[in-house]
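As structure tokens, the structure follows; a few thoughts come after it.
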Amino acid sequence: MVQGVLGYGVGSIFVLMIMFAVFLALLLRFTSMDYQTLNQIALISGISILAFGGMLAAYKSEEKGWLSGGMTGLIFVMAMVLFQVIFENQWVSLPQLSYFGGLVLAAWLGGMIGVNLPRRTVKR
């Protein structure tokens, strides 16, 4: 389960978040989108990426999807809080806390879906 959560779940979340951050930066630079629209796009993409990461972690661990997804979301959120405390020197605000709670919930639900996805089997 640890390999599924840390290797596949959290790893895929970090990679997808970095890729989407680059995409949003390019949108901000080369289009005339306003801040509110980009903020909504970032919210929806963050929730989707966490759900996908929880789904992938549970699919790879093949057991206890709610636990795999929840651990994936919690590890990611704890890393984000740690980065904020260390690099920005400020604690988490109440709106951020609700956003992080939504991310954990999305990963948790993704884990419940991922453990129930059909497996590919090799016919002999």
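A compact table of results
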read-out: Folded to 0 to 90 degrees: helix 35-61 orientation relative to the chain principal axis, Cα; value: 20 degrees
read-out: For the chain, built as a Gaussian network whose Cα springs stay under 10 Å, the top-fluctuating residue of Phe83, Phe30, Phe20; value: Phe30
read-out: Extended-chain gain in nm, criterion 0.36 nm per residue less alpha-carbon gap, Ile113 and Ser93; value: 4.2 nm
read-out: Hydrodynamic radius (Kirkwood) for the range 31-83, which is based on Cα pairs only, to one decimal in Å; value: 12.4 Å
read-out: Nearest 10 degrees, 0 to 90: helix 11-30 Cα axis against the chain principal axis; value: 30 degrees
read-out: Dimensions in Å of the chain - Rg and Dmax from alpha carbons; value: 15.9, 58
read-out: Per residue solvent-accessible surface (Å²) - the chain, probe of 1.4 Å; value: 67 Å²
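The values are calculated or read from the model by the stated rules, or taken from the named source; none is laboratory data. Treat the numbers as computed from the prediction; the structure is a model and nothing was measured. Just so you know, the surface numbers come from the protein's heavy atoms only, side chains and all, with ligands and any DNA or RNA stripped out. Shrake-Rupley method; radii C 1.70, N 1.55, O 1.52, S 1.80 Å.
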